[in-house]
Amino acid sequence: MLATAVVAIFASIPMGWAGMALVGVVGLGCEALAALAIPGLPSFRAKVDREHHQQTRAQRRLQLLGELSNYGDTAALNTYQHMFNRVQALYQTASDSRTTLTREDVDKLEDLTVDYLGLCVVNLSLKQRKDHASDEVAAKRIAGIEAQLQNSALREEEARQLRSALAEYTEVMNRSRRLAVRRSALEATLIAMPDKMEEVYQLVITSPYSSDMGSKLEESLAHLRLAEEVAAEFDSPQSLDRGAAYASPLASRGSASGTVALGASRAANNAAQSLKT
């Protein structure tokens with residue numbers, strides 16, 4: 001529109017208002033055609049999707065950083081800052097035209113840094129929940145209820161209420177065991193992710209102009225995607241903890257990329273294998 005206005009001004013000198021009107025009509029026609037054609041271009045759609053994803057990621061990062069600050073976990077924040085600095089250095093490498101590393105590849109790594117924050121929040125939330133829960137108290141209550149149920153003089157209504165309470169306490173114990181297994185897998189992942197990120201950084205820095213950089217990076221990312229599998233374990237009806245809300249974006253993205261939610265024991269084994277490799 002600015003170019004149309006400039007051309008119309010120059011056209012009005014020899015042709016008067018007729019020249020200005022002609023240029024204006026041509027400019028409006030071009031603008032209308034562009035408005036119809038450009039939004040359908042794959043490059044334009046990809047740009048809009050990328051900007052939306054970056055904005056969403058930035059909002060989620062701020063939210064998770066606020067949560068970690070409230071928990072007071074400075075170690076997790078320091079680890080995240082180190083990973084974030086590595087990603088920024090890789091962005092500078094990707095800007096070099098001689099390297100096969102692309103910004104899309106580095107974007108995946110930046111997504112994983114935000115995923116790391118989410119898993120840290122889940123871990124701290126589970127730890128807080130474990131500190132508040134008392135398995136010993138639940139076990140004593142179960143033993144007491146079982147002893148009362150042995151009383152033959154117990155009325156039917158009282159026995160029904162005691163059996164209901166026994167089922168609730170049993171579910172508490174089972175849930176506690178499930179969360180303990182999941183937390184073990186989660187803690188192993190939190191240890192492995194920064195090391196794997198460092199391996200990716202060293203790989204790119206040592207051979208930035210490698211022709212098979214894409215395949216090497218994809219192989220390294222396959223190990224880092226363990227975070228998606230672990231996060232998927234917390235995206236279930238049993239995970240009522242508020243920390244599961246931060247794992248849900250991870251789980252949904254893992255489903256989109258074909259990642260299948262594994263059992264808790266499978267996730268723990270995978271986490272241990274990732275640490276060994």
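None of the figures in this text is laboratory data; all of them are computed from the coordinates on show. The structure presented is a predicted model; accordingly, all values stated were derived computationally and were not measured. Note that each Cβ is placed from the backbone with ideal geometry, even for glycine, and that neighbours are counted across all protein chains shown.
Starting with the highest mean, order 108-119, 47-58, 91-102 by the number of other Cβ atoms within 10 Å, averaged over the residues of each peptide. Each step should come with its number before you reach the end.
Details: 108-119: 22.0, 47-58: 11.5, 91-102: 13.3.
Order by mean packing, descending: 108-119, 91-102, 47-58.
Each 10 Å bin, from zero up to the one with the longest distance, holds this percent of the alpha carbon pairs of the stretch 12-121: 12, 26, 21, 15, 12, 9, 4, 0. Computed from the C-beta positions of GLN148 and ILE191, the FRET efficiency with R₀ = 41 Å rounds to 0.35.
Subtracting the Cα-Cα distance from 0.36 nm times the residue separation, let me have the gained length for THR56 to LYS127 in nm, one decimal. Don't skip to the end; give the middle numbers.
Details: separation 71, 0.36 × 71 = 25.56 nm, distance 2.76 nm.
22.8 nm is the gain from fully extending THR56 to LYS127.
What FRET efficiency do you get for HIS82 and SER176 if R0 is 30 Å and r is their Cβ-Cβ distance, rounded to the nearest 0.05? Working shown, then result.
Values: r = 33 Å, r/R0 = 1.12.
Here the calculated transfer efficiency is 0.35.
Calculated FRET efficiency, ALA3 and ARG103, Cβ-Cβ r, R0 30 Å, to nearest 0.05? Walk me through the intermediate numbers first.
On the way: r = 30 Å, r/R0 = 1.00.
Once rounded, the FRET efficiency stands at 0.50.
Cα centroids of the stretch 1-53 and the stretch 55-89: 43 Å apart. Length gained on full extension, CYS30 to TYR91: 18.3 nm, using 0.36 nm per residue less the C-alpha separation.
Taking only the alpha-carbon atoms of the stretch 141-189, what semi-axes of the equivalent ellipsoid follow from 5 times the gyration tensor eigenvalues under a square root, in whole Å, largest first?
Details: eigenvalues 231, 16, 4 Å².
One finds semi-axes of 34, 9, 4 Å for the stretch 141-189.
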